[in-house]
Amino acid sequence: MRRYAADISSLAEEFQQRFRDFAAIEKEITLFSSPFSVDPDDAPDHLQLELIELQCDAECRSRHQQLPLVNFYRQLDKGRFQEIRTFAKKMLSLFGSTYLCEKTFSVMNINKNRLRTRLSDSHLRDILPIKTTVFEPDLAYLLQSRSQYHPSH
């Protein structure tokens, strides 16, 4: 057990650092994941005009609701939304894969919508690593270990 303590401590610190990084770009993440719910005044200056145009476009709003996030940004008109598309590419590049990006935002949206009144930043930080990590527990080993420490009566 002790031999894993240093590894677990190192992993915990790495998770904490990654979530500090997320907290630092929280406004950008919100703008990227929910461009129709952000006040244009809160967006960076170079995105404000395109964001207003995007928010006024009913067809774009509909596509945002229907398409996966990656596909939504991919289909935006290159001429009308050049700055927003560049911003989206930057945000997508922060993730190792588009699958991980979609999974992360999906988890955030599901949990925020379902638990909106009770979900804090701390809760979200706890949920994201669990939902976006590929982990298969070795249940047989866990049960065997438990039975060794808690023998039946």
Solvent-accessible surface (1.4 angstrom probe) belonging to K90, in square angstrom, nearest 10: 120
Ignoring ligands and nucleic acids, what accessible area does H46 show with a 1.4 Å probe (Å², nearest 10)? 110
May I ask you to rank E53, E13 by accessible area, largest first, using a 1.4 Å probe over the protein chains only? E13, E53
Let me check something: with ligands and nucleic acids excluded, how do S122, S93 order by accessible area (1.4 Å probe), largest to smallest? S93, S122
Sorting F19, F72 on solvent-accessible surface, 1.4 Å probe, most exposed first, gives F19, F72
To the nearest 10 Å², what's D45's accessible area with a 1.4 Å probe? 130
Please give the length that would be gained between D41 and A12 if that part of the chain were fully extended, namely 0.36 nm times their separation in residues minus their C-alpha to C-alpha distance (nm, one decimal). 6.8 nm
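Pull out the extension gain between C56 and K89, defined as 0.36 nm times the separation in residues minus the alpha carbon to alpha carbon distance; nm, one decimal.
Contour length minus Cα-Cα distance gives 9.7 nm.
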Between R80 and A5, what is the spin-label point distance in nm, taking each point 7 Å from the Cα along the Cα→C-beta axis? 6.1
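The values are calculated or read from the model by the stated rules, or taken from the named source; none is laboratory data. Treat the numbers as computed from the prediction; the structure is a model and nothing was measured. Ideal geometry is used to build each Cβ from the backbone, glycine not excepted, and the neighbour counts take in all protein chains shown. Only protein heavy atoms, including side chains, enter the accessible area calculation; ligands, DNA and RNA are left aside. Shrake-Rupley method; radii C 1.70, N 1.55, O 1.52, S 1.80 Å.
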